[in-house]
Every structure is written in structure tokens, then in C-alpha cells.
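Reading through the C-alpha cells given below for one structure.
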Amino acid sequence: MNAQGTNPLADPQARIDLMADVARTPGSAKPNPILTVDNIVRQFGGMTAVDVDHLEVQRGLITALIGPNGAGKTTFFNLITGFDKPTSAGKGAHWSFEGRTLDKTSASRVARSGMVRTFQLTKSLNRMTVMDNMLLGAQDQAGENLALSMFKPVWRRQEKQIEAKAEELLDRFSLLEKRHDYAGSLSGGQRKLLEMARALMSDPTMIMLDEPMAGVNPALTQSLLGHIQSLRDDGMTVLFVEHDMHVVRHISDWVVVMAEGRIVAEGSAGSVMAEPAVIDAYLGAHHDTDLGDDSLLDEPAAGDAKTDEEQA
């Protein structure tokens, strides 16, 4: 805190400046990590999908997790959010969020700890309305407690507060007019917006986005980018998987590169593009290739969602 009693790290640029002296090496120590991962291994048969020795995610920044198809990015997300378990033959997997150990925690408890995620293929409940999807994202609802549900004034007051919060978020994500529509009627991009808005219903400290731009038309892409940056500006930590290098360069404060399950590079977007290990991961041993040519890296992920036009 400074002399005026304000927090200098409330300024996003101040948080970015903290990374100036961080080593551009895999597993580098961060000045204020919110998530720390050690020795996490996931094998499928004889194939190792994830083998991360050490990774720290800096608090209050947008960190991009990139890598070619099959690098292990989504599997890594699944592991640290409780949707999958490390291989028992691993090297003593351990990860913590805000100092709290999560390696033996269920997905629901991970979310309640303040770390929530979205999915590459959206998980909206298509036969429920947009508003009902939002209400499901709220935690600790009194109406779900058998004892408290007997007292309508108690849970009804909270219910009104939750509904107001849901409407505020839907308005922020330009979905308020769709609140009574079925989620299944939304375009692919609108479903991405809904999933992000629903994730924010739990007031997370960190949000993890798995390919938020996949299948989204250019107009909604710009909207999503703006929302992600505003989350960071509000002090939230964002970790996202993305294939589009235009997006990575535009909004990421730090980039982590995975290849064959391992972390092979870290740094700013500009610095990692020059790393031989990154060039190898994406293009083979073509070290004379300019990774500034985005078309070389913008490969669609297998199973990408359909575009908004295709789903309309």
C-alpha cells in the first residue's frame, strides 16, 4: 500500500510491470503467483499427455497457454480443475491455489475455492433458458438447503439478489434480451458469452478459458477480447488456451508454451515466438521461419465448435 492507502497493484500496468525481471525460462518463479503446479503427470496407456515439473501463474494477469494440437493443454486444465486425476505413477503431483492445496479436491470444491473454468465445447444446458443457466452458476443458495428452504423470506430475498446479479452480467455480455430464450437457440459465440457470464456468477478469483474464440465470428471475437481484458483490469486472473496467435498477441500479458505435455517456453508473446523450442513445437526444425506470420500458427483445434454462421 502507498502513503495514500491505495493499492498500487490495482493498476493493471503495475501488475504487468512486475513481470519485467521474471526469467524467460520454463517454470520460472513469479513475484506473486496465484497458482503453483508441481510434478503433475497424466498418462493414457503408453502415452504421456502431461508432464509438468513446475509452473506458476501470476496473479492479476492474462496468461495464455499455447501449443500445437495434442500438446496437453486441455488435459492440463482438466487435471488442475478436478475433472481428471494425475497418473498414480506420477512424481508426487501437487498444486495449490492461493496457498490452498487442490491436488485431492473435487471439481465442485475447486470452483468454490475461486478457480472456475469454461470449456472448448460449451456446456450450456440447451433446454433451459439463458436466465436459468445463469442462476445455476450461483453458489450457496439458501433455497438448496433443506432447512433454510422452509423459510421463504430467507431464500426469496437471496434469490432476488441472485437474479439481479444475473441480469447485470447478461447486460454486460449483451445477452439481456435473450434471458428468456432457450440456451440452445443461441449462436456459438453467444454460448461462449453465456458460459463466461455464468462462470462469473460465483465471483471467482481466477477464470480459466479453454479456447474461448473457437467457432466465434469476428464481431463477437472482438467483444470477447474486450470482456477478457476488462476482467483483468478488474483484478481477476485469467488463464486461457488459444490457437489464434492474433488473439494471444493482442491480450496476453504472459505466454506459456506446451509441447508434448511439457512446458517448453515462457515469456511475453513477442519473446516466445523467437524461441527455437517454440518454432520446433509448431513447425519442426524450420528455424529460419518467421513466426510473425500468424497464418503459420493459426491451425484449428480438432473438434472446434461450429462458427456462429453454421449454428445460426
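Selection of helices (runs of 4 or more DSSP H) fully inside the stretch 182-290 by the criterion of at least 1 residues being at pLDDT 85 or above, crowded, with 21+ Cβ neighbours inside 10 Å and assigned by TED's automatic domain parsing to the domain that holds Arg109 returns 188-199, 218-233, 245-251, 269-272.
For the stretch 30-48, the count of residues that are of a type outside the set (S, T, N, Q), in a loop (DSSP other than H, G, I, E, B) and closer than 23 Å to Ile228 by Cβ is nonzero. Tallying residues that are over 21 Å from Ala197 (Cβ atoms) and charged (D, E, K, R) within the stretch 218-261 yields 4.
One residue stands out in the stretch 27-40 among those that are more than 20 Å from the chain's Cα centre (by Cα) and not polar (S, T, N, Q): the one that is surrounded by the most Cβ atoms within 10 Å (Cβ to Cβ), namely Pro31.
Gln58 meets each of the listed conditions (1) in the same structural domain as Asp234 (by TED's automatic domain parsing); (2) among the polar types (S, T, N, Q); (3) modelled with pLDDT under 95 apart from (3). Pairing residues of the stretch 251-265 that are farther than 19 Å from Gln58 by Cβ with residues that are in a strand (DSSP E or B) and of a type outside the set (Val, Ile, Thr), at Cβ distances under 6 Å and at least 6 apart in sequence or on separate chains, gives Gly261/Ala49; Gly261/Asp51; Arg262/Asp51.
The values are calculated or read from the model by the stated rules, or taken from the named source; none is laboratory data. Treat the numbers as computed from the prediction; the structure is a model and nothing was measured. Because the Cβ atoms are built from the backbone with ideal geometry, glycine has one as well, and the counts that use them run over all protein chains shown.
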